[in-house]
1. How many of the residues in the range 104-116 are more than 14 Å from the ligand (Cβ to nearest atom) and either touching a residue at least 40 places away in the same chain (Cβ under 8 Å) or not assigned by TED's automatic domain parsing to the domain that holds A159 (or both)?
2. Run G135 past the list (1) at pLDDT 90 or above; (2) within 14 Å of the ligand (Cβ to nearest atom) and report the number of the one that doesn't hold.
3. Check P117 against each of (1) at pLDDT below 90; (2) in contact with a strand residue (DSSP E or B) (Cβ under 6 Å, 6 or more places away or on another chain) and name the one condition it does not meet.
4. What are the residues in the range 137-161 that are in a loop (DSSP other than H, G, I, E, B) and within 26 Å of the chain's Cα centre (by Cα), if any?
Amino acid sequence: MLRRPLLGGLFGQGEFELATQPTISNGLHAVRFLVIQPRAGRVLAIAESKTEALAGARRVLRATHAANDEPRWVQPRLWSDAELSVVAAEPPPRPVSRRRREVFVRSGGCCHYCGTPQRIDGAWHVEHQLPRALGGTDEALNLVAACERCNLQKSDRTALEFLCAQGSRR
Ligand SMILES: [Zn+2]
């Protein structure tokens, strides 16, 4: 999870932070945004867009402030557009091809062989269960996600041969 302080305002720097967390939404690579208050250990809002997360957080804070009878002018100073553009300057996720995305989703986001969770834009391999050397095709059913280690160890063996060899070594 990436965290950045939300700058400025009378709440003090870093009292509120915008966190981003990679997630999978409808099989697509997505990011969700959380506005957190680290010192209080609380999450103010979670949303799929930064704007929504901030709007949600503002609503929560506004309600809190209304309950505590604090002056309303405190709120608009929180997170001006200029301040938010600093927060937004995060590197975009690496583009993932449609085929890799499909393979990733079908493999449940994990290495098909050892079950290690992978990042969709990570270095995992599109693996041929029946190797091309043995006549395996690029059809969807023959393709799974595999971590680098499993892919290299499996090499030109079939998925079954590889899994049996793994089993006998344990
Ligand atoms: Zn693996």
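1. Keep residues of the range 104-116 that are more than 14 Å from the ligand (Cβ to nearest atom), which gives 105-106.
Filter again for either touching a residue at least 40 places away in the same chain (Cβ under 8 Å) or not assigned by TED's automatic domain parsing to the domain that holds A159 (or both), leaving 105.
Residues meeting the conditions: 1.
2. (2) is the only condition that G135 fails.
3. With respect to (1) at pLDDT below 90; (2) in contact with a strand residue (DSSP E or B) (Cβ under 6 Å, 6 or more places away or on another chain), P117 is out only on (1).
4. C147
Yes or no, residue by residue, for (1) more than 27 Å from V31 (Cβ to Cβ); (2) buried (at least 17 other Cβ atoms within 10 Å of the Cβ); (3) hydrophobic (A, V, I, L, M, F, W, C):
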position	(1), (2), (3)
V103	no, yes, yes
H112	no, yes, no
P117	no, no, no
G122	no, no, no
V126	no, yes, yes
A146	no, yes, yes
S155	yes, no, no
A159	yes, yes, yes
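The values are calculated or read from the model by the stated rules, or taken from the named source; none is laboratory data. Keep in mind the model is a prediction, meaning the values are calculated, not measured. Note: ideal-geometry Cβ built from the backbone for every residue, glycine included; neighbour counts use all protein chains shown.
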